[in-house]
Amino acid sequence: MNQLLNKIFVFVKRAKQALPFFGILRKLSVNKQLIKVFRVFKKSEISQQEIDKKLVYTLSPRKIPSGGQIKHLKKFLNPKENLIIKICVLLIIVNAVYLSIVFINSHLQYLPITGGDYTEGVVGYPKTINPLYAVNRDVDSDLSSLIYSSLFKYDTNGRLINDLAEAVDISPNGKEYLVTIKDNVKWHNGEKLVIDDILFTVNIIKNPAYNSPLRSGLAAVELEKVNEETIKFVLAEPYAPFLELLTFGILPKSIWENVNPNAAGLTDLNLKPIGSGPYKFKSLVKNKDGDLKEYHLVLNEDYYGQKPYLKTVNFKFFVDYLEMVKAFNDNQLDGLNYLPLAERQELLAQNSVWFHELVRPQVVALFFNTNKNKALANKNVRIALNQAIDKDQIIKEVFNGIYSRADGPILKNSFAYNEQLKTYNYSPSEAQAILKDNLASTTLTVIDTGQNLVVAEKIKNYLEAVGVKVELKVIFSEQAADLIKNRNFEILLYGESIGGDPDVYAFWHSTQIGSKGLNLAGYNNTEVDKLLAEARVTTNLEERKIKYQKFQEILTADAPVVFLYSPTYTYVQSKKIKGFTGTMIIEPADRFSDLASWYIKTQKKLTW
């Protein structure tokens, strides 16, 4: 026992010497600690090691050392142990920093907020920012689409969606359309948009005194106000794409009803309009000659739809594309309304630019006139001409692979496209075997616009490579209308805009042959006539799809044309503009269909 007590006193003495590390003895009495040790010793016979442990714990019950204790740790460690601990601490710090960065990167979001000014360059200038007339001018349509609302509009994929319309009910016979409108729409002057405004707009479009180009589509449509929220459109005959006609902007009756029809195209309201769209007129700038140079729109805070983030949208107008591109290179613009392929290399710092290649419902083809060249009436000759041209190579060499190959009259992104369509691939040897005895020469007419002349030269080379002598006839754009009306061509390189709906009746039905129609190839097929006539009057989507797919099958087998490619619309924006999601447009103004999602300013937010 005496030996044990001596060991305890020695241990206590050493513990007091170690007070910098076990600072608790400053506050505790040594006698009290000894009493506790003796009590433990009396209760049971335990090992010397356990007694030592309990004695240490009574001297310092904290298992984690304090900061003051840690700084003395090096006194108890050899240099190697000290180095190991430093390395471990460094690794812990590095890992903590790395994990923090990983966490922030995976959980930090930059959320768009309202603010920022967007300025776009446009070639041309507005004249009548008015839904009655804007359809004839792209610049007018651009501004009109932002200032005015319509019953229906196109989304970023070229599909028709509701705008002012809340709901649509189509009668079983396909002749009556009940359209219910939203109840929370205000004009930019604060007044409420009502059914009477829609009735008024449609009626003045139908009125020949206003001379609106929209009149032909609505002339035979009757209107009826059902109640304060609903309007009825009554058609003389069923027409499946009818809702496509209701994408024009609605005018406020209270402002326009006192405007004389003869002055509708001249009123100041055409440049300072009042609509119900996401943006409203703010100001305009003219030069000393009175030419419009800038147009400024500001966010409509009362807009009924998804409110855009951009505070202002501004337009600057230019004489040509070179002048506009120069302004973009000088950082005066955030976007270009359209960039021709030939001007693309003029853009500096292309890595800081978005090139949005938007699909348009257009098809460029070689149209054959069998009345001008009898050899073209031979189906085998027409097929051989299809095989003689490498359309993929033309797309690659002339359009940098941007444009899409076309093999039929309906685009691949349409619900009615026939994926089993017969295609004619490049096969010059097969083409030559047919053409050498059937087509010695022909004339290829081309309108000198865009890259048409370059394409025509390549087609000429392909045809001459298989033995057909080709004369190129180049005309200017202003001559095109008469040439098409009189069908004064043998083979014509030409593009047709087919619209958002697959209804191509106007281009391929036999009733459209002649100077007043658009059936340029003079194509006449009884079964095709029947399919096209039936497909445009049924509202059943699946039935329409079946009929259009059969139509494509017959038409491509007859090969009345050589389908070449579908152009894209190149829309350019600075990369500081984010949120653009468009893939297809029906008209150039549709590039703004997702404008509510564009943004410049952001705020940071951590998500968990």
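Structure notes:
- Charge dipole of the chain about the Cα centre (unit charges at C-beta), most positive-ward option of SER100, GLY249, LEU472: SER100
- In the chain, the DSSP-assigned H stretches of four residues or longer account for a calculated mean residue ellipticity at 222 nm of -9500 deg cm²/dmol, using -39500 (n - 2.57) per stretch and the full residue count as denominator.
- Global geometry of region 486-588, whether rounded, prolate or oblate, following the gyration tensor of its Cα atoms and the 1.5 cut on a/c: oblate
- Highest mean packing comes first when the peptides 446-454, 241-249 are listed by Cβ atoms within 10 Å, giving 241-249, 446-454.
- DSSP assigns beta bridges within region 361-566; of those with both partners inside it, close to 55 percent run antiparallel.
- Of all DSSP beta bridges in the chain, antiparallel share, percent nearest 5: 75 percent
- If R0 equals 60 Å, the separation of the Cβ atoms of LYS469 and ILE87 corresponds to a calculated FRET efficiency of about 0.10.
- Given charges at Cβ of Lys, Arg, Asp, Glu: the chain dipole, positive-most of ASN488, LEU164, PRO409: LEU164
- Overall form of region 146-217 per C-alpha gyration tensor (a/c, 1.5; a/b vs b/c): rounded
- Burial order of peptide ranges 523-529, 334-340, 351-357 (average beta-carbon count within 10 Å, highest first): 334-340, 523-529, 351-357
- Dipole moment magnitude, nearest 20 debye, region 114-176 about Cα centre, only Lys, Arg, Asp, Glu C-beta charged: 220 debye
- Taking a span of 30 Å or more along the helix axis (Cα atoms) and a mean Kyte-Doolittle hydropathy of at least 0.0 as the rule, the DSSP H helices of the chain that qualify are 79-107.
- Assigned charges on the beta-carbon of Lys, Arg, Asp, Glu; the chain dipole about Cα centre (debye): 6320 debye
A short reminder: the numbers here are calculations on the coordinates, not readings from a lab. All of these numbers come straight from a predicted model, not from anything done at the bench. Cβ sites come from the backbone with ideal geometry, for glycine too, and all protein chains shown count toward neighbours.
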